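The values are calculated or read from the model by the stated rules, or taken from the named source; none is laboratory data. Source: prediction; values computed, not measured. As a convention, Cβ positions derive from the backbone with ideal geometry for all residues, glycine included, and neighbour counts pool all protein chains shown. For accessibility, only protein heavy atoms count, side chains too; no ligands or nucleic acids. Shrake-Rupley method; radii C 1.70, N 1.55, O 1.52, S 1.80 Å.
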Amino acid sequence: MATEPSIKVIIRESTPFEGQKPGTSGLRKKVKVFQQPHYLENFVQSIFDTQEGFEGQTLVLGGDGRFYNREAVQVILKMAAANGFGRVMVGRGGILSTPAASCVIRKYGAFGGIILSASHNPGGPDEDFGIKYNTAAGGPAPEKVTEAIHARTRQITSYRILDCPDVDLDQIGETALGGMVVQVIDPVEDYAELMESLFDFDAIRTLFHDGFRICFDAMHAVTGPYACEILEKRLGAVPGSVINGKPLPDFGQGHPDPNLVHAHDLVAVMNGPAAPDMGAASDGDGDRNMILGRNFYVTPSDSLAVLAANAHLAPGYAEGLKGIARSMPTSQAPDRVAEALGIPCWETPTGWKFFGNLLDAGKATLCGEESFGTGSDHVREKDGLWAVLMWLNVVAARGEAIDEIVRGHWRQYGRNYYSRHDYEGLDTEAAEGVMEHLRNLALKGRRIGSFEVAFNDDFSYTDPVDGAVSKKQGIRVVFTDGSRIVYRLSGTGTAGATLRIYMERYEPDPEKHDQDNQDALAELIAIAKDLAEISRRTGRDTPTVIT
Ligand code: G16
């Protein structure tokens with residue numbers, strides 16, 4: 001290990017910045033905001049100030065490689081050393097996908113981790129950056145921690161940092177930084193090993209060997225190296241199965257959000273004449289996934305339900321599931337599987353952090369969200385490649401095509417038609433006005449078109465493990481037949497407000513399972529717009545993104 005002469009700790013004076021409040025998943029702002037002197041440092045010091053007992057302990061650090069990732073890693077290394085951490089494990093090049101960071105935190109018993117990412121938001125000098133803190137369990141800090149960090153940012157007067165040159169992030173190995181060790185690790189190795197322990201790699205290898213083809217779109221984001229190693233090298237998918245596999249600081253000027261709009265390269269391939277058998281994409285930091293069959297889109301809610309029903313086919317889940325958890329706006333398709341399996345299905349607010357306690361307490365094994373997130377208790381983050389491997393394992397075990405598996409699932413459980421309409425970049429006041437208006441509606445018992453309202457409320461969640469209460473988590477309008485409309489403001493945007501409207505309708509009759517989601521939901525979509533007075537209040541007539 002290289003040695004360093006003793007290096008000076010500097011205590012720099014600083015003053016609070018407005019708005020350093022973590023949202024659904026950490027603090028996300030424009031790069032230019034983070035580049036202001038002391039901005040990143042204040043937030044990092046606030047994380048450290050609100051934690052106890054990290055002296056001499058290990059911190060895991062890495063990010064999705066977006067613009068400003070490397071600079072931020074250097075700052076955090078120097079601050080971690082100045083604050084007394086014993087070791088920082090950092091991915092080579094400052095890279096770690098979100099699930100890989102969670103895996104490393106857990107495997108090496110780290111005190112916690114800092115992940116640099118704005119997830120699916122675009123990257124580049126004029127785009128977004130983000131930072132989030134994960135605890136020793138490997139998952140996003142719960143609300144009481146993020147609230148404490150925010151409170152600290154409002155009082156901060158100084159931060160601690162070393163005055164020293166940058167660390168070489170590109171060589172695997174250890175370097176001394178003051179009294180701390182910086183350990184540069186292979187970002188893929190530990191994660192790939194974990195995946196091998198969960199899935200039947202031999203069966204998936206045989207599947208590929210027998211001609212099954214996949215197209216995985218890494219969207220020039222962090223999963224490129226992970227997907228190349230696992231899918232192409234270890235599992236034998238033909239070279240070129242991974243597209244857009246080189247991580248770029250601006251994601252090739254794309255929007256690294258794996259949905260039908262932004263993963264357009266993949267969608268074109270999957271709807272083309274020589275489409276492979278399966279398509280998949282992941283996002284900026286590798287925690288989201290989208291699954292496609294030939295000319296066939298699997299909604300994230302259906303994906304969770306299908307994986308739950310088939311999880312026993314993967315060796316890591318052969319003993320069955322303890323429970324399923326889904327976020328409130330996610331469709332109720334997984335609930336039907338849970339019922340059939342005789343296990344609980346938990347309904348949490350949006351945000352992966354709400355799954356942590358359920359997983360830690362052994363109350364749930366699989367979790368998922370409509371926002372293209374699926375995962376299990378193998379880590380404490382959602383996990384894009386995990387979902388792809390789980391699907392591959394299920395396909396290999398069942399010997400059926402993706403669309404056949406989903407259609408069969410609908411025949412057995414019924415189909416939950418589902419769609420989310422996003423109105424992005426709204427004026428914040430107008431968006432809050434919509435929510436306030438909806439909150440004040442008394443709809444119970446009212447007939448609207450062919451539906452009757454069973455109840456409407458603003459979702460509130462009491463954590464079954466620690467009793468923490470989270471209020472105002474989305475407005476629900478629930479109809480007597482189980483259909484729902486849900487309204488939320490996104491907690492991950494960085495410009496204006498994004499209103500999300502989620503619509504769901506259950507269809508038990510297999511004869512009626514072949515409609516397009518938008519057609520099947522047309523009446524609910526119209527009702528949702530009317531109830532919220534979208535056009536009058538926001539000046540918008542159509543959503544910007546439909547998933
Ligand atoms: C984050 C959270 C997810 C959440 C998603 C969307 O994902 O971890 O739990 O569903 O944001 O949140 P919102 O609807 O508030 O924008 P990611 O992939 O962005 O970290």
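So for the range 419-427 (the condition being away from the ligand (no atom under 15 Å from the Cβ) and out of contact with any Lys or Arg (no Cβ under 7 Å at 6 or more places or on another chain)), does at least one residue qualify? Yes, there is a match, as at least one residue in the range 419-427 is away from the ligand (no atom under 15 Å from the Cβ) and out of contact with any Lys or Arg (no Cβ under 7 Å at 6 or more places or on another chain). From the set of residues in the range 13-27 that are within 16 Å of the ligand (Cβ to nearest atom) and either among the aliphatic types (A, V, I, L, M) or surrounded by fewer than 24 Cβ atoms within 10 Å (Cβ to Cβ) (or both), which is nearest to G130 (Cα to Cα)? The extreme case among them is L27. The set of residues in the range 330-350 that are of a type in the set (A, V, I, L, M, F, W, C) and either over 21 Å from V298 (Cβ atoms) or within 16 Å of the ligand (Cβ to nearest atom) (or both) comprises I343, W346. Cβ separations smaller than 9 Å between residues 6+ apart or across chains give the following pairs from the range 270-296 residues that are closer than 14 Å to D403 by Cβ to residues that are among the small types (G, A, S) and open to solvent by 10 Å² or more (accessible area, probe 1.4 Å): D277/G211; D277/A401; M278/A401; G293/A401; R294/A401; F296/A401. Does at least one position in the range 364-372 carry a residue that is within 21 Å of S102 (Cβ to Cβ), away from the ligand (no atom under 14 Å from the Cβ) and buried (at least 24 other Cβ atoms within 10 Å of the Cβ)? Checked the range 364-372: at least one residue is within 21 Å of S102 (Cβ to Cβ), away from the ligand (no atom under 14 Å from the Cβ) and buried (at least 24 other Cβ atoms within 10 Å of the Cβ).
Can you tell me which residue among G467, G496, G482, G474 is within 16 Å of the ligand (Cβ to nearest atom) and modelled with pLDDT under 95? Break it down into steps so the answer makes sense when it comes.
Numbers: G467 fails: within 16 Å of the ligand (Cβ to nearest atom); G482 fails: within 16 Å of the ligand (Cβ to nearest atom); G474 fails: modelled with pLDDT under 95.
Checking each option against the conditions leaves just G496.
Checked against (1) farther than 20 Å from F372 by Cβ; (2) within 12 Å of the ligand (Cβ to nearest atom), S97 passes all but condition (1).
Contact map, the range 439-458: residues that are closer than 11 Å to R484 by Cβ paired with residues that are surrounded by 13 or more Cβ atoms within 10 Å (Cβ to Cβ) and among the aromatic types (F, W, Y), Cβ distance under 9 Å, separation 6+ or inter-chain. Pairs shown: F451/F479; V453/F479; A454/F479.
Tell me, yes or no, whether the range 81-91 has at least one residue that is out of contact with any Asp or Glu (no Cβ under 7 Å at 6 or more places or on another chain), within 20 Å of A221 (Cα to Cα) and surrounded by 24 or more Cβ atoms within 10 Å (Cβ to Cβ). Looking for residues that are out of contact with any Asp or Glu (no Cβ under 7 Å at 6 or more places or on another chain), within 20 Å of A221 (Cα to Cα) and surrounded by 24 or more Cβ atoms within 10 Å (Cβ to Cβ), one finds at least one in the range 81-91, hence yes. Residue check: K78 meets all listed conditions (1) within 16 Å of the ligand (Cβ to nearest atom); (2) crowded, with 24+ Cβ neighbours inside 10 Å; (3) of a type in the set (D, E, K, R) but one, namely (1).
When restricted to residues that are within 26 Å of the chain's Cα centre (by Cα) and of a type in the set (D, E, K, R), the range 395-406 contains 1. In the range 140-152, the count of residues that are part of a loop (DSSP other than H, G, I, E, B) and either open to solvent by 10 Å² or more (accessible area, probe 1.4 Å) or more than 14 Å from the ligand (Cβ to nearest atom) (or both) is one or more. Scan the range 473-495 for residues that are over 21 Å from the mean Cα position of the chain (by Cα) and either among the β-branched types (V, I, T) or open to solvent by 40 Å² or more (accessible area, probe 1.4 Å) (or both) and the total you get is 6. What do you reckon, is K353 over 15 Å from Y317 (Cβ atoms), open to solvent by 20 Å² or more (accessible area, probe 1.4 Å) and within 11 Å of the ligand (Cβ to nearest atom)? Yes; evaluated as a whole, the condition is true for this residue. Out of the range 518-547, which residues are aliphatic (A, V, I, L, M) and not in a loop (DSSP other than H, G, I, E, B)? A520, A522, L524, I525, A526, I527, A528, L531, A532, I534, V545, I546 - these are the residues of the range 518-547 that are aliphatic (A, V, I, L, M) and not in a loop (DSSP other than H, G, I, E, B).
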